[in-house]
Amino acid sequence: MRIETQRYTERFGHVRLNEVQKVLELDSGKAEENKVPDIALLKIEEDAFREYEDKMAIVVPVKDEKLKLFEGVISGVPHDCHIIVVSNSKRKGVDRFRMEKDALHQYCHFTQRSAMIIHQKDPLLAKALTKAGYHELLNDDGLVRNGKCEAMIAGILLATVLKKSYVGFIDADNYFPGSVWEYVKCYAAGFSLSKSSNAMVRIFWRYKPKVSAGMYFKKLGRVSEITNKHLNSLISFNTGFETEVIRTANAGEHAMSLRLAQLLRYSSGYAVETQELLSIFEGFGGVLPVAQPPGVKLGVEIFQIETRNPHLHEEKGGRHLQAEMLLPSLSAIYYSQLCDGYTRENIIDELVTQGILKQKNEEPPAPLMYRPPAEIDLAKFEDIIAKHLDSYSALAEE
Ligand code: GDP
Ligand code: CO
């Protein structure tokens, strides 16, 4: 793969924020010896992909998606990545979880690859979380709460048990296996470029087509644009220099080194991707006196990589989608300890303009937050899950 070099990097304390880098060539041919390095382009060799894919778990959160889409997504993940499916699909009536499990089993059997699948409401998962002290992840019924973020956290913990070094996320509703393949290649490319062991790679879509009459290749979603704007405003205020570096505040497709994933606070619902960035700035930005994570000096390096493939996924919901998605992201920014009065005021204005808040003296609801996985008793979690790991393998016979 050939991608643009990091042409510009913003610094926020110990955080290095790279501007969007474009993929230019998906396959860049044989390794060339003694080649003069190019200053504008970087070539990522096959060996580098192999090395990182082997150490990476790919978490696929799924809830009642079309089985064909799910199968397509799985088939796009490079072979050496361990797939972790965390499903919250329904089991009553038509057992959709069962169908996903069967499909994954058959696929892994024929392709000889490793994968695991677990239901979000699995009682053993809940038990392991309870023993580890991660109570906020559980509902009154003692099982894991609904939501994609909760599935992602379970995925991070399972990747820890599998002794992986990196964890990437891919939504189960992606239409193109080729896009999925490219996302994972971009994750590996980013990790291979990172100077810090705390690295994050976020996917920037060249096009996000909408299916209507014909297909329209739209550059960016409205929600992302608005979230990016306010997050950039928060950074600008803290560094004193105006910036537009963040282009991926809502990137569902992203990956992290597991070390970093364990150090972040997460927030429930659609705020999760925005909150990850806020947690990084709060912990590593050097502005707040409190909560400096261990190894803060290693810093964090963030990559935003623009893919060649368009992003096409299932669009659910309708009129309320905007409110459902925008509000949590903007609330996360609003309630960050780093957020200044100016950005706060603009967020309220935005929410009023969008008709999400009724008047200016209203405040958005505070998001539900989860402690960093590093603060729970990971050994206890592992102790319980490791004993049953085989039963979660996609190849397990019943
Ligand atoms: P959007 O793409 O941001 O509009 O959000 P989606 O509704 O498509 O969700 C993103 C991904 O998370 C999809 O793969 C969903 O199937 C999955 N998902 C949504 N809610 C849940 C949940 O409660 N649990 C799990 N495990 N996955 C979920
Ligand atoms: Co979707």
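Residues that are in a loop (DSSP other than H, G, I, E, B) and within 16 Å of ligand 2 (Cβ to nearest atom) were ranked within segment 83-98; the one that is nearest to ILE118 (Cα to Cα) is ASN88. Just to be sure before I move on: is GLU315 at pLDDT below 95, touching a strand residue (DSSP E or B) at 6+ places or on another chain (Cβ under 8 Å) and within 30 Å of GLY72 (Cβ to Cβ) in the structure I sent? Here the answer is yes, as GLU315 does meet what is asked. Within segment 347-358, not a single residue is closer than 30 Å to PHE176 by Cα and crowded, with 21+ Cβ neighbours inside 10 Å. For beta carbons closer than 7 Å, sequence separation of 6+ or different chains, a first residue in segment 125-145 that is in contact (Cβ under 8 Å) with a residue 40 or more places away in the chain and under 16 Å from ALA386 (Cα atoms) and a second that is of a type in the set (D, E, K, R) and surrounded by 14 or more Cβ atoms within 10 Å (Cβ to Cβ), the qualifying pairs are LYS131/LYS380; ALA132/LYS380. Counting only strands (runs of 3 or more DSSP E) wholly contained in segment 171-265, the ones carrying 2 or more residues that are at pLDDT 95 or above occupy 199-204, 254-257.
Go over the candidates ARG91, ARG16, ARG50, ARG98 one by one and state the one that is more than 20 Å from GLU273 (Cβ to Cβ) and in contact with a strand residue (DSSP E or B) (Cβ under 8 Å, 6 or more places away or on another chain). Even if it seems obvious, please write down each step before you answer.
Numbers: ARG16 fails: more than 20 Å from GLU273 (Cβ to Cβ); ARG50 fails: in contact with a strand residue (DSSP E or B) (Cβ under 8 Å, 6 or more places away or on another chain); ARG98 fails: in contact with a strand residue (DSSP E or B) (Cβ under 8 Å, 6 or more places away or on another chain).
Answer to the check: ARG91.
Scanning segment 72-82 for residues that are away from ligand 1 (no atom under 13 Å from the Cβ) and either closer than 21 Å to GLU314 by Cβ or part of a loop (DSSP other than H, G, I, E, B) (or both) yields SER75, GLY76, VAL77, PRO78, HIS79, ASP80, CYS81. For segment 164-185, the set of residues classified as over 22 Å from GLU276 (Cα atoms) and away from ligand 2 (no atom under 16 Å from the Cβ) consists of GLY178, TRP181, GLU182, listed by residue number.
Give the residues of segment 318-343 that are of a type in the set (D, E, K, R) and at pLDDT 90 or above, sorted by residue number.
Selection gives ASP340 alone.
Is it the case that segment 102-113 has a residue that's within 11 Å of ligand 1 (Cβ to nearest atom), more than 16 Å from TYR187 (Cα to Cα) and modelled with pLDDT of 95 or more? Within segment 102-113, none of the residues are within 11 Å of ligand 1 (Cβ to nearest atom), more than 16 Å from TYR187 (Cα to Cα) and modelled with pLDDT of 95 or more. The set of residues from segment 27-65 being exposed (fewer than 12 other Cβ atoms within 10 Å of the Cβ), of a type in the set (D, E, K, R) and part of a loop (DSSP other than H, G, I, E, B) comprises ASP27, LYS30, GLU32, GLU33, LYS35, ASP38.
When LYS380 is tested against the conditions (1) loosely packed, with under 14 Cβ neighbours inside 10 Å; (2) over 24 Å from the mean Cα position of the chain (by Cα); (3) among the basic types (Lys, Arg), the lone failure is (1).
Checked against (1) basic (Lys, Arg); (2) crowded, with 21+ Cβ neighbours inside 10 Å; (3) closer than 16 Å to ALA386 by Cα, LYS163 meets all criteria but (2).
The values are calculated or read from the model by the stated rules, or taken from the named source; none is laboratory data. Quantities reported herein were computed from a predicted structural model and do not represent experimental measurements. Positions of Cβ are backbone-derived with ideal geometry, glycine not excepted, and every protein chain shown enters the neighbour counts.
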